[in-house]
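I have placed the structure first, in the form of structure tokens, so that the comments after it can refer back to it.
The values are calculated or read from the model by the stated rules, or taken from the named source; none is laboratory data. A quick note: this is a predicted structure, and the numbers were derived from the prediction, not measured. Using ideal geometry, Cβ is built from the backbone for each residue, glycine included, and neighbour counts are taken over all protein chains shown. To get the accessible areas, we keep the full protein, side chains included, count just its heavy atoms, and leave off ligands, DNA and RNA. Shrake-Rupley method; radii C 1.70, N 1.55, O 1.52, S 1.80 Å.
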Amino acid sequence: MANRRLALCGRGFTPRLVSARSRSHPSRTNVPATPVNFYDLTRAELLALAVRWGFTPVHAARLWAYAYREGVESWAEMPELPARFRAKAESELCLVRLPVASEQQSSDGFTHKYLLSLPDDRRIETVLMRYTGRVTACISSQAGCAMGCVFCATGQMGFVRHLTPGEIVAQALHVDAALRGSETGAALAQPHSLSPHSRHERLRNIVLMGMGEPLHNYDAVMTAIDILCDPAGLAVGARKITLSTVGVVPGIIRLADEARPVHLAVSLHGATQEERAVLVPVAKKWPLDELMAACRYYIARQERRIFYEWTLIEGKNDSAETAHAVGRLLRGQQAQVNLIPLNPTAGYAGEPTGRESARHFQQILAEYGLPCTVRQRRGIDIAAGCGQLATTDNKPVG
Ligand code: SAH
Ligand code: SF4
């Protein structure tokens, strides 16, 4: 029965709340009901659903706490729910967690990569990183990516499909469970003698820098962020979430107008329209001048800085002249630049910029008043670094 429900939920990656709405619609009563994935729902939606079923919000709040505070993954482990409410929830909702298809740990023990199975047998990757003195989950927003950046393994595999809010949330829950020790616990708690971390850490930092372009899947990503930040649930601080975009201009403007205080990172990689478009094909759709205008609007509207990401590719975009061009482009903006030496991918032959040249690039940006960091290269041995996430067993849709 549980399997059947899961399979039905697998088809539930069509719009969320579909079945809840169709059940309440008189002309749709003969449509077979598809259980809703619990993890697609915000707390407000769950409370409303419970009230519609004739129960009190208190019961829904207890269910929410079981799922997000205690990490409970099955109805059987929720003894405090009244039997009638639990039976109703069980018949209307399903708890779609993403099973681990495989798992890898980097040789230094600080990076874990999980290949997770979606209900329709597609796969995505999620990374747990334990460096710079904290634990961070790098989560995916899509299976594959439609943006086609030439140096990115996810771009090279093409677009498979958007993830639902619940599939994005489930990745964070998986990492949280791993940290608590309920899944691969002991190994993770002490991955290496150098680990500064102890058991039962909670997930506090999330970067939406895994597979996919988050602003291409805007609504699902924002719903997921609302669920992840819910103070009665995982309670990840919005300021501990960084969303990285290739530069989807309408999404940046929308984000600027909405009150979600997440950090925004924008992948730049080229300081002129021509240079950028070679590496980032979607620059043809959203040109550099429009992107810069959207970023300035975001900074002014949110009163918050933007993190610009720059993948350093030897001989392509790492010269002193290029650094000066970046400086001129971003001068005066509330901005920080993160330099990412190119990570290897199967479909791109470039080499990463060496340490000295990266430092020189960094120094030039400092002359323009732009704080700049060079990202640590970790997890490269298990292809868990920036732009290395990809799966081979996904067939593109349609
Ligand atoms: N789609 C989003 C987020 C995922 S990619 C985006 O593009 O911003 C996360 C970061 O990794 C981006 O800055 C991206 O440009 C960078 N990246 C992609 N491929 C890379 C590679 N091979 N080496 C280093 N950085 C890479
Ligand atoms: Fe997509 Fe980001 Fe990779 Fe570009 S860098 S292909 S936007 S995941």
Check: Residue check: is residue 318 within 15 Å of ligand 1 (Cβ to nearest atom) and in contact with a helix residue (DSSP H, G or I) (Cβ under 6 Å, 6 or more places away or on another chain)?
Finding: yes
Next item on the list: With the checklist (1) within 17 Å of residue 137 (Cα to Cα); (2) modelled with pLDDT of 95 or more; (3) in a loop (DSSP other than H, G, I, E, B); (4) more than 16 Å from ligand 2 (Cβ to nearest atom) in hand, flag the one item residue 211 doesn't pass.
Entry: (4)
Checklist line | Enumeration of residues in segment 362-378 that are assigned to a loop (DSSP other than H, G, I, E, B) and away from ligand 2 (no atom under 16 Å from the Cβ) | finding: 368, 369, 370, 371, 376, 377, 378
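Within segment 217-229, track down each residue that is within 24 Å of residue 57 (Cβ to Cβ) and open to solvent by less than 20 Å² (accessible area, probe 1.4 Å).
From segment 217-229, those within 24 Å of residue 57 (Cβ to Cβ) are 222-229; that's our starting set.
Within segment 217-229, 222, 223, 224, 225, 227, 228 meet the criteria.
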Next item on the list: Inspect segment 335-348 for any residue being under 17 Å from residue 275 (Cα atoms), out of contact with any Asp or Glu (no Cβ under 9 Å at 6 or more places or on another chain), outside any loop (DSSP other than H, G, I, E, B) and at pLDDT 95 or above and give the result as yes or no.
Entry: yes
Check: Can you name every residue in segment 286-325 that is surrounded by fewer than 17 Cβ atoms within 10 Å (Cβ to Cβ) and in a loop (DSSP other than H, G, I, E, B)?
Finding: 287, 303, 304, 305, 314, 315, 319
Notebook entry, point to check: Can residue 371 be described as open to solvent by 40 Å² or more (accessible area, probe 1.4 Å), in contact with a helix residue (DSSP H, G or I) (Cβ under 9 Å, 6 or more places away or on another chain) and without any contact (Cβ under 8 Å) to a residue 60 or more places away in the chain?
Noted result: yes
Note to self: Please go through (1) farther than 23 Å from residue 337 by Cα; (2) surrounded by 17 or more Cβ atoms within 10 Å (Cβ to Cβ); (3) away from ligand 1 (no atom under 14 Å from the Cβ) for residue 271 and return the number of the only condition it doesn't satisfy.
What the structure shows: (1)
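Test residue 328 against the stated conditions and say whether it is surrounded by 13 or more Cβ atoms within 10 Å (Cβ to Cβ), part of a helix (DSSP H, G or I) and of a type outside the set (Gly, Ala, Ser). Quick ask: steps written out before the conclusion?
Numbers: surrounded by 13 or more Cβ atoms within 10 Å (Cβ to Cβ): no; part of a helix (DSSP H, G or I): yes; of a type outside the set (Gly, Ala, Ser): yes.
For residue 328, the condition - surrounded by 13 or more Cβ atoms within 10 Å (Cβ to Cβ), part of a helix (DSSP H, G or I) and of a type outside the set (Gly, Ala, Ser) - is not met.
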Item checked: Count of residues meeting criterion [open to solvent by less than 10 Å² (accessible area, probe 1.4 Å) and away from ligand 2 (no atom under 16 Å from the Cβ)] in segment 235-254 -> 2
Check: Of the residues that make up segment 142-163, is at least one at pLDDT below 95 and crowded, with 20+ Cβ neighbours inside 10 Å?
Finding: no
Check: Of everything in segment 98-116 that's outside any loop (DSSP other than H, G, I, E, B) and more than 16 Å from the chain's Cα centre (by Cα), which residue is surrounded by the fewest Cβ atoms within 10 Å (Cβ to Cβ)?
Finding: 102
